[in-house]
Amino acid sequence: METVFKKSKFSWEDYFSDKMKDEHRFSTEESLAKEAKEKLFHLNGRKTLLDFGCGAGDLLIYYVPHYEKIVGVDFSSSMLFEAEKKVRHHKYKNVDLILADNRTVWEKLDTKFDQITVAGVVQYLTPEQVDDFILNASAYLNEDGKISFFDIIDPKLYSLWKIGWFSQNFIHRDIFLRACTSCLKKISAFLENRPADTIGNSYSPQIIEKIARKNGFQMEYAKSMYYEYRYHAILSKIS
Ligand SMILES: C[S@@+](CC[C@H](N)C(=O)[O-])C[C@H]1O[C@@H](n2cnc3c(N)ncnc32)[C@H](O)[C@@H]1O
């Protein structure tokens, strides 16, 4: 029986099982197109792309015209359903969508890729899962292929963002109020058996770089253009 002190384990897979939206700050076509354009700049072309954690396809749909073949992967069937609707609406024929997670995806792939992109997903993985992901992805990359982890949450910048530091109307005396609100949210999350912050885990660039190097990759750091507290880690094999 579930009580306040004995709870069933929270899982991101359960959390996303009925979700249908990708949780971008603005979901207008204009702002999604801008976000996708930023990613396409970093992806920098080539022919084949694996979009891991493609969600409802908000970004994937903008990548499609730029690639010969795209495979979108997600562990949420409701998200994939939304992605499929968008692919059908555009009559795109060069997209495959696969239901899988970070462990099972590899056995479902029958080809290597020029680019592997992971946007807004690292926060739902543990450091061990990030490590395993890079190791496995490495075997599915064509020569000179890259793994792009987009929109990783930077813990320091996220703390500043939460207290309103980047806001145009930042007022110092509000910090105390915001800190109290944050404490109350943590207590209520504990009681409801969900993470204190459904935005997920944050990782400093140093941690991601360390894991990348361990797996034979070098990391290029780029600040996110549209999220003050997020950054991109573009990994390429150390030659
Ligand atoms: C915030 S959404 C981002 C979707 C999309 N990449 C974008 O940026 O628009 C995160 C997605 O990652 C998926 N996801 C999270 N962890 C995953 C995992 N371990 N395996 C597969 N999918 C995962 C979720 O189901 C969700 O659809």
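The values are calculated or read from the model by the stated rules, or taken from the named source; none is laboratory data. This structure is a prediction, so every number in the text was calculated from the model and none was measured. Backbone-built Cβ (ideal geometry, glycine too); neighbour counts: all protein chains shown. What goes into the accessible areas is simple: the full protein's heavy atoms, side chains included, and nothing from ligands, DNA or RNA. Shrake-Rupley method; radii C 1.70, N 1.55, O 1.52, S 1.80 Å.
Of the conditions (1) assigned to a helix (DSSP H, G or I); (2) away from the ligand (no atom under 16 Å from the Cβ); (3) surrounded by fewer than 17 Cβ atoms within 10 Å (Cβ to Cβ), W161 fails just one. Which one is it?
(3)
Taking into account only those residues within region 101-116 that are touching a strand residue (DSSP E or B) at 6+ places or on another chain (Cβ under 8 Å) and near the ligand (Cβ under 8 Å from one of its atoms), which is nearest to A212 (Cα to Cα)?
N102
What pairs can you find where one residue is in region 94-117 and farther than 12 Å from V71 by Cβ and outside any strand (DSSP E or B), the other is open to solvent by 20 Å² or more (accessible area, probe 1.4 Å) and near the ligand (Cβ under 9 Å from one of its atoms), and their Cβ atoms are less than 6 Å apart, with a gap of 6+ or different chains?
Here the result reads D101/F75; N102/Q129, each pair linking region 94-117 to a residue that is open to solvent by 20 Å² or more (accessible area, probe 1.4 Å) and near the ligand (Cβ under 9 Å from one of its atoms).
With E84, E38 as the choices, which residue is open to solvent by less than 20 Å² (accessible area, probe 1.4 Å), over 24 Å from N136 (Cβ atoms) and either outside any loop (DSSP other than H, G, I, E, B) or touching a strand residue (DSSP E or B) at 6+ places or on another chain (Cβ under 9 Å) (or both)?
Residue meeting the stated conditions: E38.
Going residue by residue through region 141-153, is there one that turns out to be in contact with a helix residue (DSSP H, G or I) (Cβ under 8 Å, 6 or more places away or on another chain), in a loop (DSSP other than H, G, I, E, B), open to solvent by less than 90 Å² (accessible area, probe 1.4 Å) and in contact (Cβ under 8 Å) with a residue 60 or more places away in the chain?
no
I'd like the residue in region 205-225 that is assigned to a loop (DSSP other than H, G, I, E, B) and out of contact with any helix residue (DSSP H, G or I) (no Cβ under 6 Å at 6 or more places or on another chain) and, out of all such residues, is least open to solvent (accessible area, probe 1.4 Å).
S224
What's the total number of residues in region 41-71 that are closer than 20 Å to R88 by Cβ and assigned to a helix (DSSP H, G or I)?
7
Suppose the filter is modelled with pLDDT of 95 or more, hydrophobic (A, V, I, L, M, F, W, C) and open to solvent by 30 Å² or more (accessible area, probe 1.4 Å); does L97 pass it?
Against the criterion (modelled with pLDDT of 95 or more, hydrophobic (A, V, I, L, M, F, W, C) and open to solvent by 30 Å² or more (accessible area, probe 1.4 Å)), L97 qualifies.
Given the criterion loosely packed, with under 14 Cβ neighbours inside 10 Å, of a type in the set (D, E, K, R) and farther than 19 Å from G216 by Cβ, identify the matching residue among E107, E128.
E107
Taking the stated definitions as given, is I199 touching a strand residue (DSSP E or B) at 6+ places or on another chain (Cβ under 9 Å), in a loop (DSSP other than H, G, I, E, B) and within 26 Å of Y15 (Cα to Cα)?
Yes, satisfied.
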